1. Hey, can you grab everything whose amide H is under 5 Å from the amide H of residue 64? Only 5+ residues off in sequence or another chain; H modelled, so Pro and N-termini drop out.
2. Please give the peptides 86-96, 59-69 ranked by average Cβ packing (other Cβ atoms within 10 Å per residue), highest first, as a rough proxy for protection.
3. Could you list which residues have their amide H under 5 Å from that of residue 90, counting only those 5 or more apart in sequence or on another chain, with H placed in the peptide plane?
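Any read-out appearing in this document is the output of simple, stated calculations on the displayed coordinates, not a laboratory observation. All of these numbers come straight from a predicted model, not from anything done at the bench. Cβ placement follows ideal geometry from the backbone for every residue including glycine, while neighbour counts extend to all protein chains displayed.
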Amino acid sequence: MAKHKGLYEYTGDESANLALGQLGFTEITGTNFAGTSGDKSGDTYFAAIKFVLANASGSATTEISVIAECLQGDDLTTTVLLPGDILWGCFNYIRITVNTTSYGKILAYHGK
């Protein structure tokens, strides 16, 4: 069983690669989810959540609501994001709770 080491999880080079998204991402659309709720093993997690527009019909005021479970610290309850917003952390589960127009989607960047 792996354990997330917080600030000491990565070397400088590894954290720079994470910032560039070089481990890839999972796309979450509609009101779907990524990860496994309740899985605190740290075997798989997401290092960042980014909200982007899914098509040209969206605008800078398009909103999306998400919840996320964290391996360290507090879980995110209903959190509203605007296009371009990014949250850094170690998330094991991310779910879109409100995406009324479906103009937006989440990019969940892999940490492992």
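1. 81
2. Working: 86-96: 19.4, 59-69: 17.3.
The packing order, highest mean first, is 86-96, 59-69.
3. Here the answer is 71, 72, since their amide H atoms fall under 5 Å of that of residue 90.
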